[in-house]
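For reference, the structure is listed below as C-alpha cells.
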Amino acid sequence: MSFSDSEIKELKAVFASFDTSGDGSIDQGELTQAMKNLKLFESNSQIQQLIAEVDKDKSGTIEFNEFLDIVANVKSGKTSADKGFAKVYSKQKDLIQVKGHTGTHSFSEEEMSAFSEHLTQSLSDDADCKHLMPIEEKGLDLCRKVKDGILLSKFINLAVKDTIDARALNLRKAGKDLTLFQINENQTLLIAAAKAIGVQTVNLGASELIDGEKFPHLVLGLVWQLVKIHLLNSINLKNFPALVRLLEEGEELSDLLKLPPDQLLLRWFNYHLKKSGSNKRVKNFGKDVQDSEAYTILLNQISPSKCDKSALQTSDTTQRATKVLQNAKNLDVKTFIKPRDIVAANQRLNLIFTAAIFNTNHGLDELTQEEIDKAGLMEDDYGDSREERAFRMWINSLGLDGVYVNSLYEDCKDGLILLKVLDHIEPGIVNWKQVEKNPSNTFKKVSNCNYVIVLGKALKFSLVGIGGNDIQVGNKKLLLALVWQMMRKHTLKFLAEVQKSKFGGKEVEEKDIVAWANSRVKAAGKSTTMGSFKDPSLGNGLFFFDLIYSVESRVIDYQYVTDGETKENALSNAKYAISIARKLGAVIFLLPEDIVEVKPKMILTFVASIMSVAKD
C-alpha cells in the first residue's frame, strides 16, 4: 500500500511521538513510556513481543519502514487494529488526532519548558533578542517567539559560530515590528542555515515557523536539533584532547574517533563511574539514570568538595533528582531540566543535561605533550576537512529516514548510507535484495561497498582505482572523490528538474551553469564575469553579489560589500554573500574560506544552489 504525502507527514508525526530520542527508531524504553502514557501496562517480555511482531530485520528496534508496514496492514484489514502493536499505534494516533482537533499537536511539554529556559539563558544578554525575553516556560510562548526568525537565527550562531552573517538578518529598528516580507526572509535564511549545519527540516517551512503555535511539534523538533548541536557539537577530540583517556584496553585512536558525541558522553560517564570504584554503569540516558544514583556518583567524582553523595541516603527519586540538580549548580552547570525529567527517564533532556555537565567540567586530567605525541593525536586524525564537512551536511540535509552522518569516514564503512543516498539520487537504482542490511562482519560490509561502486559506475562516475574495500577501510581521499560525484550528480539532476523550461529536462552540465550565471549577470547590467569555477577573480566575492542581485536585488545592502582586494575584505564579502544567498532559500554547504580560496567543487555547488532558486 502506498501513502500520500499528507499521510506520510502525519505518520512521521506519530512515529516521532514514539521516538523520543530522535534516532530514527523506537526502542523498548520508548515503547514502554508511550504505553504508560496511554495507560497500557505490559511486562517487559510482552513489550519485547510487541517489538518482535513488527521488527522484520531483527534489529531489536522498530524503524520507520517497519512502522509503515504495520500501518498499511491495519488500513488494509490484514492486521486487527485492537491487537498487538497495532493497538498501541491506533491509540497513539487517536491521541494526536484529538489534540489536533482542539488546535494543538502532540509534543512534550517538559521539553518545551526545558528548551524555553535554555534559550532564555543563552540569549538573554543579546540586545537583538531583548523583545523576546524571557521566554515563558509554560505553554507555547516559545512557539510564538520564533515568529520573526530572530531568536532561532541567533541561536544557530551559538550552535555553530558564524553560520549566519548578522548583517543579512532583518532586525527590529526603533522597536518597530518587521514586515511580513522581512520575516519571511529571516525564516528562509534560518531554515537554509539550519540545513547547512546538518539539521533535518522535513515538512518545515517559513509558514510553519511564522505560525508556530499551530505547529508546536515542528518547532520543538527544530529547536531540539539545534539545542543538541549547541551542547554536543564541541564534544570531540579536537576540542577536548583529554578524551583520549577514554580509550579502553586493545582500542586504537580510530575506535574513539568514530564515536558520535552521545556515545562519547556515555563512555565518559562510565569512565568516571569506574574511576569512583562503583559497579554502576549506564547504557542510555533514560532508565539507567532515572534513579539519580549514576548522576550522584558522577558529580561527586568530578568534584568531591562541591558535590556530596547525600542524595543516596533517600529512596525518594524526586528528592534524589533535586539534589543532583543542586550539585550541578554547585559546579556552575546551567541546568534547565527539572527533577521530574530525570525521574521520567526523558532521554533527550538527560542527554543534554549530561552534555552541559561535561562542557562545564569534564573532570579528565589534561594530556601532557608527551601523551599527545604517544597517542598520535595529530590534527589530521581529528581534523574536520571542509570537504568532509560539506558532504556530511549535504547527506544529512536530504532527510533520509534513519540516516544521520556524524563522521563521513566512519559512518559510510558498511555501505548502507551510501546506498540509501544513491537510491535517493536515482530512485530504484538499488536492488535491496542484493544488500546486506545488517552487515555484521567485514565481508558483508565490503559486499555492500562493492555494490556502491557497481552502481556508481552505472551512473558514469569516474571510479578508476576505487574499490569497495577502500570505502570499508575509510580511505579518506577516495571516499571524498566518490561522495563528491554523488553530490555533483544530485545537484545537476536537481537543476535539470527546477530549470525544465531552460534545459528541457536534460541533465545540466557544468558549462551550462557557467553560461547561465554569466548571462544573468550581464542581463542585470553588471560587468563581472566568471571563466570557470576555477577563475581566480571569484575570490573577491563580487561576481556572486552581482549574480544574487540578478535573482533578487532587494536582499543586498551594498554598504556591507567591500572591494575584496585584501584577504580580510574578501572573507567579509564571502560571509555576507553566503547569508544573503540563503535569504533566497539557497541551501549552501560551502564555507567563506572556500570562496576566498576558490575551491572549484564548492564554488560549483554555490552557483548551482543560487541557480536552483532563480525563477527562470
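The values are calculated or read from the model by the stated rules, or taken from the named source; none is laboratory data. The shown structure was predicted, so the numbers you read here are calculated from the model rather than taken from an experiment. Neighbour counts are summed over all protein chains in view; Cβ atoms, including those assigned to glycine, are modelled from backbone coordinates with ideal geometry.
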message: Report every pair of residues separated by at least 6 positions or lying on different chains whose Cβ atoms are under 8 Å apart, first residue within the stretch 317-334 and within 11 Å of Thr296 (Cβ to Cβ) and not assigned by TED's automatic domain parsing to the domain that holds Ser292, second aromatic (Phe, Trp, Tyr) and surrounded by 15 or more Cβ atoms within 10 Å (Cβ to Cβ).
response: none
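Quick one: is Asp594 buried (at least 18 other Cβ atoms within 10 Å of the Cβ), among the acidic types (Asp, Glu) and either out of contact with any Cys (no Cβ under 7 Å at 6 or more places or on another chain) or part of a loop (DSSP other than H, G, I, E, B) (or both)?
Judged against the criteria, Asp594 is a match.
Conditions tested, residue by residue: (1) in contact with a Cys (Cβ under 8 Å, 6 or more places away or on another chain); (2) under 30 Å from Ser25 (Cα atoms).
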residue	(1), (2)
Cys307	no, no
Ala321	no, yes
Asn330	yes, no
Thr335	no, yes
Arg340	no, yes
Ala344	no, yes
Leu351	no, yes
query: In the list Asn518, Asn569, which residue meets the criterion of being in contact with an Asp or Glu (Cβ under 8 Å, 6 or more places away or on another chain) and at pLDDT 95 or above?
result: Asn569
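Residue-wise test of (1) surrounded by fewer than 17 Cβ atoms within 10 Å (Cβ to Cβ); (2) within 18 Å of Asn65 (Cα to Cα); (3) assigned by TED's automatic domain parsing to the domain that holds Glu66.
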| residue | (1), (2), (3) |
| --- | --- |
| Val421 | no, yes, no |
| Val446 | no, no, no |
| Asn450 | yes, no, no |
| Lys477 | yes, no, no |
query: Quick one: would you say Leu590 is touching a residue at least 40 places away in the same chain (Cβ under 8 Å), of a type outside the set (Asp, Glu) and within 18 Å of Ala194 (Cα to Cα)?
result: yes
task: With the condition kept exactly as written, say whether any residue in the stretch 165-187 is of a type outside the set (S, T, N, Q), in contact with a helix residue (DSSP H, G or I) (Cβ under 6 Å, 6 or more places away or on another chain), in a helix (DSSP H, G or I) and within 29 Å of Thr20 (Cβ to Cβ).
output: no
message: Looking only at residues that are of a type in the set (A, V, I, L, M), part of a helix (DSSP H, G or I) and at pLDDT 85 or above in the stretch 93-143, which one is farthest from Asp211 (Cα to Cα)?
response: Ala127
task: For Thr368, work out the one condition from (1) among the polar types (S, T, N, Q); (2) over 24 Å from Leu246 (Cα atoms); (3) surrounded by fewer than 15 Cβ atoms within 10 Å (Cβ to Cβ) it doesn't fulfil.
output: (2)
statement: Of all helices (runs of 4 or more DSSP H) fully inside the stretch 422-541, the set with 2 or more residues that are more than 20 Å from Val598 (Cα to Cα) and in contact (Cβ under 8 Å) with a residue 60 or more places away in the chain is 476-498, 500-503
query: Within the stretch 306-315, is even one residue under 27 Å from the mean Cα position of the chain (by Cα) and either crowded, with 20+ Cβ neighbours inside 10 Å or at pLDDT 90 or above (or both)?
result: no
- request: Take Ala168 and decide whether it is hydrophobic (A, V, I, L, M, F, W, C), more than 18 Å from the chain's Cα centre (by Cα) and closer than 21 Å to Val555 by Cβ.
  value: yes
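Per-residue answers, yes or no, for (1) acidic (Asp, Glu); (2) crowded, with 18+ Cβ neighbours inside 10 Å; (3) within 21 Å of Arg488 (Cα to Cα):
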site: Glu510; (1), (2), (3): yes, no, yes
site: Leu538; (1), (2), (3): no, yes, yes
site: Phe544; (1), (2), (3): no, yes, yes
site: Asp563; (1), (2), (3): yes, no, no
site: Asn573; (1), (2), (3): no, yes, no
task: Go through the stretch 597-613 residue by residue and tally those that are more than 14 Å from Lys583 (Cα to Cα) and part of a helix (DSSP H, G or I).
output: 8
- prompt: Out of the stretch 515-531, which residues are in contact with a helix residue (DSSP H, G or I) (Cβ under 8 Å, 6 or more places away or on another chain) and surrounded by 13 or more Cβ atoms within 10 Å (Cβ to Cβ)?
  reply: Trp516, Ala517, Arg520, Val521, Ala524, Lys526, Thr528, Thr529, Met530
- line: Those residues of the stretch 540-568 which are of a type in the set (S, T, N, Q) and under 27 Å from Gln182 (Cα atoms) amount to Ser550, Ser553, Gln559, Thr562
task: Identify all residues within the stretch 255-283 that are touching a residue at least 24 places away in the same chain (Cβ under 8 Å) and either touching a strand residue (DSSP E or B) at 6+ places or on another chain (Cβ under 6 Å) or among the polar types (S, T, N, Q) (or both); write none if there are none.
output: Ser276
task: Specify which of the listed residues (Lys329, Lys374, Lys323) is part of a helix (DSSP H, G or I), at pLDDT 95 or above and surrounded by fewer than 19 Cβ atoms within 10 Å (Cβ to Cβ).
output: Lys329
